[in-house]
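The values are calculated or read from the model by the stated rules, or taken from the named source; none is laboratory data. Remember, predicted model here, so these are calculated numbers, not experimental data. We place every Cβ from the backbone using ideal geometry, glycine too, and count neighbours over all the protein chains shown. Surface accessibility is based on the protein's heavy atoms, side chains included, excluding ligands, DNA and RNA. Shrake-Rupley method; radii C 1.70, N 1.55, O 1.52, S 1.80 Å.
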Amino acid sequence: MSLTVKDLEKVQAEHPEWRLELIEGNIIAMGPCDYTSDEIGSRLIILLGIWVLPRKLGRLTGSSAGFILPNSDLRAPDVSFVKAEKLKRSRRDFVELVPDLMVEIKSKTDRITPIKEKIQSFLSLGTEVGILIDPDRLTLTVYRTGAEPEVLRDGDILTIPEFFPGWELPISDLWPPVFD
């Protein structure tokens, strides 16, 4: 039996505390991520938001924003960006579109292969840039349609000129600080 977004919405209404995704007709419960992974996602949203919001380039969302994709899956990347012209007004519902940029952050218990598969799925559906952040290896891998993945480490600078011309982020700025 293949489930739909409507089925997911019914389950979500009964269990609003659950984070769910719909993948190939199956409802998947998503566990919470570890503190470090969420802090990295929050830092990225803040650092991108400082650039994106004053320029009105588009919309940034975190891991709770659901996207209904062309293949009927409902997925929620850890961080997403949608260009302003693609979504002129925010909606009080899941949006039926593919984000232009999606980011996945490896949690302590995640396996890399399913994360890479999720990124590749988004790219095949129209996402232009996918990013995998691995706090265990202190790496950030950038995937672009039709290009080889680019692995960045401390000392490297992330740029995404497709959407954020002039924006630069030292990779080391993503990692949570240590307070003495």
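Which loop-located trypsin sites (Lys or Arg not before Pro) does the stretch 113-164 contain, where loop means any DSSP state but H, G, I, E or B and the Cβ has at most 15 other Cβ atoms within 10 Å? Walk me through the numbers on the way to the answer.
Working: sites: K116, K118, R137, R144, R153; in loops: R137.
Loop-located and lightly packed - R137.
How large, in percent, is the carbon and sulfur part of the accessible surface of the stretch 1-95 at a probe radius of 1.4 Å? Please report the intermediate quantities before stating the final value.
Numbers: 3220 of 5850 Å².
The nonpolar share, carbon plus sulfur, comes to 55 percent.
Within the chain, which is the longest segment that contains none of the GluC sites (Glu not before Pro) sitting in a DSSP loop with at most 14 other Cβ atoms within 10 Å? Walk me through the numbers on the way to the answer.
On the way: sites that count: E17, E24, E85, E96, E162, E168.
Longest stretch, sites excluded: 97-161.
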- Query: List the trypsin sites (Lys or Arg not before Pro) in the stretch 35-83 that DSSP assigns to loop (not H, G, I, E or B) and whose Cβ has at most 13 other Cβ atoms within 10 Å. Which are they?
  - Reply: K56
- Message: From the Cα trace of the stretch 81-132, what convex hull volume per residue do you get, rounded to a whole Å³?
- Response: 90 Å³
- Message: Charges at C-beta only: +1 for Lys and Arg, -1 for Asp and Glu. How large is the resulting dipole of the chain about its Cα centre, in Debye rounded to 20?
- Response: 640 debye
- Cα convex hull volume per residue for the stretch 106-161 (Å³): 79 Å³
- Message: Quick check: pseudo-label points 7 Å beyond the Cα along Cα→Cβ at N26 and E168, how many nm apart are they?
- Response: 4.5 nm
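Per residue, how much space in cubic angstrom lies within the convex hull of the C-alpha atoms of the stretch 31-180?
Considering the Cα atoms of the stretch 31-180, their hull volume per residue is 129 Å³.
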- Query: For the chain, what are the DSSP H helices with axial Cα length of 15 Å or more and mean Kyte-Doolittle hydropathy of at least -0.5?
  - Reply: 35-55, 112-125
- How many angstrom separate the Cα center of the stretch 123-162 from the Cα center of the stretch 65-114? 16 Å
